[in-house]
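Written below as structure tokens is the structure these notes are about.
The values are calculated or read from the model by the stated rules, or taken from the named source; none is laboratory data. Keep in mind that what you see is a predicted model, and the values were worked out from it rather than measured. Please note: Cβ atoms are built from the backbone with ideal geometry, for glycine as well, and neighbour counts cover all protein chains shown.
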Amino acid sequence: FAMHPLGRLIVCTLTCWAAAYPSEALQTAGRVSASVEVLRAALFRVCELHVDMRHVGGGSIYRPFVVPSNDEFVGHDICTSHNFDRAVVETMRPYIAPGSTVIDAGGNLGAYAVQFSHWTGSRGRVLAFEPQPMIFKVLFANAMGGGLRNIDAFNVALGFKDGFVRMGATIPDGASQGRRFADALADPSAHVNFGGRSLGVGGELVRMITLDSLNVTGVSFIKIDVQGAESLVLHGARRTVLRELPTIIMESTASFQAAMRSPELAREMGIPPDVAAFDGHAWLENIGYRPVRRMGDDVFLQHPAQRLSATWPGASRPPAHFGPRPVHDGLEAARQRPWDPPRIGAARAAGALA
């Protein structure tokens, strides 16, 4: 049956909260009878995100958007201004081709993925990757509640290998800087910059895959914002980049990248020396990419073959698709399409939504 987008988001928010805190959900369900009251008691809230539709000929719209109540950065911005990184978003828009595939490495709550979904259109695809289990549930809720059928959400980190890595144990910045993430998450009064977390040691175990292993075609744009691990993402995406020549925007914060290249941290994380020494930005320049715009710590890079073309290199190709066979056992549990109930059921059975 048809459901209003706000209604879908309310259901998704309650599902996220109940999955994260089942005992509290049961207690709350016994005390209240209205969804609004549950939302007030939950760790999530629904705000509105301003979506620029000019790229697809429609002005702009406001979409209901789920955020963690204690998110002090991305969620706070969306709830107070209905935007996040508006200047960067507006700069991205001309580089994204309708009908193409966009890669969102570091999907966070889905603020960028929602924009990309509208800009690529029904024949395009957005692949959003977010390793943090709780934040992935919010990303998934925002895709599911918005009925955005061209978003594939993956509860994995993009990186240099197919395997497992850990998140950092402590919060690197913001009001809860230095606290263990698990302690801050359990503290109702704590404010956390979820988008500031990075790979590291001591935190929760998360899945990692390479972009190359997915055999994705028709890629026009890659966004990489992974708190210093950008070179790890590019190391596992070299074949895709060489084949597709997409426009790339990547965060380039020197302190984050230096920390990730630390020999001590690399050893603790199990990163091979050659991978730890790989400089993604230098590699891009070696194969012909050049910076075309800088905005704060974000740099846009393009290859001359793309800049000189009237269209992006994949424009004549069929709609984006994955390779002919699954590359990773169990990856279907991490890759979820909101409109496909059997896949959601399989994911839940496999523990991806636990």
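The rows are residues; the columns are (1) closer than 25 Å to residue 178 by Cα; (2) at pLDDT 90 or above.
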| position | (1), (2) |
| --- | --- |
| 207 | yes, yes |
| 212 | no, yes |
| 219 | no, yes |
| 262 | yes, no |
| 275 | no, yes |
| 282 | no, yes |
| 285 | no, yes |
| 307 | no, no |
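Summed over segment 196-237, the residues that are within 26 Å of residue 94 (Cβ to Cβ) and either surrounded by fewer than 21 Cβ atoms within 10 Å (Cβ to Cβ) or without any contact (Cβ under 8 Å) to a residue 12 or more places away in the chain (or both) give a count of 1. Looking across segment 85-107 at every residue that is part of a loop (DSSP other than H, G, I, E, B) and of a type in the set (Gly, Ala, Ser), the one that is nearest to residue 225 (Cα to Cα) is identified as 106. Scan segment 156-177 and give yes if some residue there is touching a helix residue (DSSP H, G or I) at 6+ places or on another chain (Cβ under 6 Å), polar (S, T, N, Q) and closer than 21 Å to residue 74 by Cα, otherwise no. Yes, segment 156-177 has at least one match.
Number of residues in segment 69-107 that are within 15 Å of the chain's Cα centre (by Cα), crowded, with 19+ Cβ neighbours inside 10 Å and either modelled with pLDDT of 90 or more or not small (Gly, Ala, Ser) (or both): the value is 9.
Taking the criterion of being of a type in the set (Gly, Ala, Ser) and surrounded by 18 or more Cβ atoms within 10 Å (Cβ to Cβ), the residues of segment 184-195 that qualify are 184, 195. Within segment 63-84, does at least one residue satisfy the condition of being closer than 29 Å to residue 260 by Cβ, part of a helix (DSSP H, G or I) and among the acidic types (Asp, Glu)? Yes, that holds for at least one residue. Filtering segment 211-228 to residues that are of a type in the set (A, V, I, L, M) and closer than 19 Å to residue 85 by Cβ leaves 222, 224, 226. Inclusion of residue 160 among residues that are touching a His at 6+ places or on another chain (Cβ under 6 Å), farther than 17 Å from residue 92 by Cβ and modelled with pLDDT of 95 or more is warranted.
Under the condition of being surrounded by 16 or more Cβ atoms within 10 Å (Cβ to Cβ) and at pLDDT below 75, the residues counted in segment 44-64 number 1.
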